[in-house]
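Let me begin by presenting the structure, written as structure tokens, before commenting on it.
The values are calculated or read from the model by the stated rules, or taken from the named source; none is laboratory data. In this text, all values refer to a predicted model and were calculated from it rather than measured experimentally. Here the Cβ positions follow ideal geometry from the backbone for every residue, glycine too, while neighbour counts run over all protein chains shown. In case anyone asks, the SASA skips ligands and DNA or RNA and just uses the protein heavy atoms, side chains included. Shrake-Rupley method; radii C 1.70, N 1.55, O 1.52, S 1.80 Å.
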Amino acid sequence: MKIDAFLTPYFPETESQFDDGIVVMIDVLRASTTVCAALSNGAKEIIPAESLEKAVKIYSGLDRESRFLGGERFGEKPEGFNAGNSPFEYNEEQVKGKTVIITTTNGTKTFQKAKQARLRLIGAFVNRAAVLEFISNELQQFLEEDKEPKITLLCAGTNGRLSYEDVLCAGLFIDSLCGRDSNCHTSDAANAARNLYISHKNNLKEFLYGREHAVFLKKKGFEKDIELSFTFDKFDVVPIMEGTSIKNRNLDK
Ligand code: MLT
């Protein structure tokens, strides 16, 4: 198995490096976590939009009863939106059966990448086990096709810069995948993420609480969101980006 990682969202626009591989897109604080919460609470689908204007346009074209508009700029709910980017706002009462349109500063831009990949998953600490189980089933498919599996982790970061929580989450996935495969080849970036995760895994939460984005969100009063986002396996969902929307693949289980 080959594993690569992009630790910030800037990389060459020729995306053929994703061809026929599995891509896991990570924005722990908070877009990936919020997507997992919304799907776990029964949202029909989630449409990530790269701008406020685009999100409002998509929302306006949908049926009133079955739409929900969420997102953030500078961590706050945009004016006129139904919700901000707190996973707690995407509860069953609000989102069940609905199409959720969401736009965030970094995460929803990353979710638009790697369109040529065989599979695009949204990963976070909250759905760690579900994603790993899903990938291990998919690996069988590569074997049947006599192909070497290729997995790439994409970190959303913050404003183009590296975010520790995304890199350590990528490192966790890489460490688990390589732990199950003695023939695992990691790129330098993937190896760096893995090593960083290993060196912090015994005090992961405490370490991440002190990093930039968690400190920013804490100042804004989002402590509960941080706590939830740093919790392992809270949601048994595998969000898959297909075409323009994200759906939960684990429903079929
Ligand atoms: C983002 O996409 O930039 C984030 O999810 C920001 C946040 O709401 O914490």
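Of the conditions (1) over 20 Å from Arg211 (Cβ atoms); (2) buried (at least 17 other Cβ atoms within 10 Å of the Cβ); (3) within 16 Å of the ligand (Cβ to nearest atom), Glu45 clears all except one; give me its number.
Checking Glu45 against (1) over 20 Å from Arg211 (Cβ atoms); (2) buried (at least 17 other Cβ atoms within 10 Å of the Cβ); (3) within 16 Å of the ligand (Cβ to nearest atom), the one that fails is (3).
Considering only residues of region 87-111 that are within 12 Å of the ligand (Cβ to nearest atom) and open to solvent by 10 Å² or more (accessible area, probe 1.4 Å), which is farthest from Ser16 (Cα to Cα)? Walk me through it before giving the result.
From region 87-111, those within 12 Å of the ligand (Cβ to nearest atom) are 87, 89, 102-111; that's our starting set.
Applying the additional criterion that residues be open to solvent by 10 Å² or more (accessible area, probe 1.4 Å) yields 89, 105-106, 109.
On the way: Glu89: 37, Thr105: 25, Asn106: 22, Lys109: 18 Å.
It comes out as Glu89.
Checking Lys150 against (1) in contact with a strand residue (DSSP E or B) (Cβ under 7 Å, 6 or more places away or on another chain); (2) open to solvent by less than 50 Å² (accessible area, probe 1.4 Å); (3) under 21 Å from Val238 (Cβ atoms): exactly one of these is not met. Which one?
Evaluating Lys150 over (1) in contact with a strand residue (DSSP E or B) (Cβ under 7 Å, 6 or more places away or on another chain); (2) open to solvent by less than 50 Å² (accessible area, probe 1.4 Å); (3) under 21 Å from Val238 (Cβ atoms) leaves (2) as the failure.
Quick one: count up the residues across region 153-165 that are charged (D, E, K, R) and either under 23 Å from His185 (Cβ atoms) or buried (at least 22 other Cβ atoms within 10 Å of the Cβ) (or both). Outline the logic, then answer.
Initial filter on region 153-165 (charged (D, E, K, R)): 161, 165.
Adding the requirement that they be either under 23 Å from His185 (Cβ atoms) or buried (at least 22 other Cβ atoms within 10 Å of the Cβ) (or both) leaves 165.
Residues flagged as charged (D, E, K, R) and either under 23 Å from His185 (Cβ atoms) or buried (at least 22 other Cβ atoms within 10 Å of the Cβ) (or both) within region 153-165 amount to 1.
Restricting to region 214-230, give me the number of residues that are in a loop (DSSP other than H, G, I, E, B), in contact (Cβ under 8 Å) with a residue 12 or more places away in the chain and open to solvent by 40 Å² or more (accessible area, probe 1.4 Å). Steps first, please.
Just the residues of region 214-230 that are in a loop (DSSP other than H, G, I, E, B), to begin with: 220-222, 230.
Remaining after also requiring in contact (Cβ under 8 Å) with a residue 12 or more places away in the chain: 220, 222, 230.
Subset that is open to solvent by 40 Å² or more (accessible area, probe 1.4 Å): 220, 222.
Counting residues in region 214-230 that are in a loop (DSSP other than H, G, I, E, B), in contact (Cβ under 8 Å) with a residue 12 or more places away in the chain and open to solvent by 40 Å² or more (accessible area, probe 1.4 Å) gives 2.
Could we say that Arg211 is basic (Lys, Arg) and surrounded by fewer than 21 Cβ atoms within 10 Å (Cβ to Cβ) here?
Details: basic (Lys, Arg): yes; surrounded by fewer than 21 Cβ atoms within 10 Å (Cβ to Cβ): yes.
Against the criterion (basic (Lys, Arg) and surrounded by fewer than 21 Cβ atoms within 10 Å (Cβ to Cβ)), Arg211 qualifies.
Pairs please, first residue from region 18-35 and free of Cβ contacts under 8 Å to residues at least 60 places away in the same chain, second anywhere and within 11 Å of the ligand (Cβ to nearest atom) and open to solvent by 10 Å² or more (accessible area, probe 1.4 Å), Cβ atoms under 7 Å, 6+ apart in sequence or on different chains.
Final answer for the pair search is none.
Which residue out of Asn202, Asn183 is more than 14 Å from the ligand (Cβ to nearest atom), open to solvent by 30 Å² or more (accessible area, probe 1.4 Å) and either without any contact (Cβ under 8 Å) to a residue 12 or more places away in the chain or closer than 21 Å to Leu39 by Cα (or both)?
On the way: Asn183 fails: either without any contact (Cβ under 8 Å) to a residue 12 or more places away in the chain or closer than 21 Å to Leu39 by Cα (or both).
Checking each option against the conditions leaves just Asn202.
Considering only residues that are in contact with a Phe, Trp or Tyr (Cβ under 8 Å, 6 or more places away or on another chain) and not hydrophobic (A, V, I, L, M, F, W, C), look in region 53-86 and name the one that is nearest to the ligand (Cβ to nearest atom).
Among them, the one singled out is Gly75.
Regarding Ile3, is this residue open to solvent by less than 10 Å² (accessible area, probe 1.4 Å), away from the ligand (no atom under 15 Å from the Cβ) and not in a helix (DSSP H, G or I)? Can you show your working first?
Working: open to solvent by less than 10 Å² (accessible area, probe 1.4 Å): yes; away from the ligand (no atom under 15 Å from the Cβ): yes; not in a helix (DSSP H, G or I): yes.
Criteria met by Ile3.
Restricting region 166-185 to residues that are modelled with pLDDT of 95 or more and not in a helix (DSSP H, G or I), which is nearest to Leu139 (Cα to Cα)?
The qualifying residue nearest to Leu139 (Cα to Cα) is Cys184.
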